[in-house]
């Protein structure tokens, strides 16, 4: 663009400034901001009235862009250059860098982008894709369906997605299309389900776990439960309670019976828990960290103050429990299906651990009595009936229903 003033004869001339001086004035004014640009334009128009203000503003914007670059030259690739690039990209990252540097030295007027574009055009670059995107729009093959069906129920959808290079949403949709569910079936037995099946209390199952008669899938204690226990004000009370319980205990430290006191058997020997397992070693480590005895940690686990990572009871440990301490399971509370399952699959021995069961017989007598609640009409077994009768609101609900019916009839 040229900034000019034309006379009547059509000749280009400047009355006061030269072209270089006008550019210098505009450049210096633009460096001082908007006000500087206005001042520079007013100065030029004062001495060059034939120029237009809009043309001067365009010139300022052009000067801010810098000198014009020479047009891009098209790089001509030879077969030798293509072969060098292919070998470099196929040999690894280090050889790829060396090949690019060699090509740029051979052709100094080439920019680096020319080499990258040539590699993309030859199809030797590896496009990076996010996890699960490489097969997002591909159809499911029979092999993938077989792998998916074999992993369904054992792995979570997120884990299967990483193995099959799919998204978790695609895994769920494909399983639904195949008529399968995404629910994971874990090995072992849940504490609540096992307690309901054997007609035992949940606290009894938790106590058997803490004392080592039942093993769980992952006996590690969660850090969150340890932090909550140590931060709570009950930690000192529990610690002192555990110390008092340890000082008043009469059993040897290596004996951990199910009840508080166990009578000797016919041979004069006392029933002892299993040998030191992985759970005992882990809990002993936690006890050393909390500066308490391992028995105190076991009591905290039995009371629920300390949580386990995976408290599901393993099938092997439950089978061992039925074989060695089967008398602890009350046969009178079991239904026919449960008895058949314990005898056929769990090697249940009703006479194993009979001395401990006889000691617990007095505490189990209340469970033989079944009472009916006069408020709600439910049949409840054991002494829990009295707590239910105290909290039951069946009578009030029945009175409210009768009152509403009477109002409707009126």
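The values are calculated or read from the model by the stated rules, or taken from the named source; none is laboratory data. Given the structure is predicted, the values throughout are model-derived calculations rather than measurements. Here the Cβ positions follow ideal geometry from the backbone for every residue, glycine too, while neighbour counts run over all protein chains shown.
Structure notes:
- Residues that are surrounded by fewer than 13 Cβ atoms within 10 Å (Cβ to Cβ) and at pLDDT below 85 were ranked within the stretch 73-90; the one that is nearest to residue 125 (Cα to Cα) is 90.
- Evaluation of residue 213 against (1) assigned to a loop (DSSP other than H, G, I, E, B); (2) free of Cβ contacts under 8 Å to residues at least 12 places away in the same chain (one fails), failing number: (2)
- When we screen 151, 198, 194 for residues that are surrounded by 17 or more Cβ atoms within 10 Å (Cβ to Cβ) and more than 30 Å from residue 299 (Cβ to Cβ), the only hit is 151.
- Residue 254 exposed (fewer than 12 other Cβ atoms within 10 Å of the Cβ) and either at pLDDT below 55 or part of a loop (DSSP other than H, G, I, E, B) (or both): yes
- Among residues of the stretch 13-40 that are touching a residue at least 40 places away in the same chain (Cβ under 8 Å), those with a beta-carbon under 8 Å from a residue that is crowded, with 17+ Cβ neighbours inside 10 Å and assigned to a helix (DSSP H, G or I) at least six positions away or on a different chain give the pairs 23/59.
- Boolean, residue 23 is modelled with pLDDT of 85 or more and loosely packed, with under 14 Cβ neighbours inside 10 Å: no
- Candidates 405, 393, 381, 371 - the one that is farther than 30 Å from residue 328 by Cβ and either modelled with pLDDT under 65 or in contact with a strand residue (DSSP E or B) (Cβ under 7 Å, 6 or more places away or on another chain) (or both): 405
- Residue that is buried (at least 17 other Cβ atoms within 10 Å of the Cβ), assigned by TED's automatic domain parsing to the domain that holds residue 210 and in contact (Cβ under 8 Å) with a residue 40 or more places away in the chain, where the choices are 293, 310: 293
Each row is one residue, and each column tells you yes or no for (1) in the same structural domain as residue 25 (by TED's automatic domain parsing); (2) in contact with a helix residue (DSSP H, G or I) (Cβ under 6 Å, 6 or more places away or on another chain); (3) modelled with pLDDT under 85.
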residue	(1), (2), (3)
57	yes, no, no
60	yes, yes, no
71	no, no, yes
92	no, no, yes
130	no, no, yes
136	no, no, yes
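- Test: residue 194 is in contact (Cβ under 8 Å) with a residue 40 or more places away in the chain, assigned to a helix (DSSP H, G or I) and touching a strand residue (DSSP E or B) at 6+ places or on another chain (Cβ under 8 Å): yes
- Of all residues in the stretch 177-191, those satisfying the criterion of being in contact with a helix residue (DSSP H, G or I) (Cβ under 9 Å, 6 or more places away or on another chain), under 17 Å from residue 316 (Cα atoms) and part of a loop (DSSP other than H, G, I, E, B) are 187, 188.
- Residue that is surrounded by the fewest Cβ atoms within 10 Å (Cβ to Cβ), among those in the stretch 272-283 that are at pLDDT 80 or above and either touching a strand residue (DSSP E or B) at 6+ places or on another chain (Cβ under 7 Å) or closer than 12 Å to residue 210 by Cα (or both): 278
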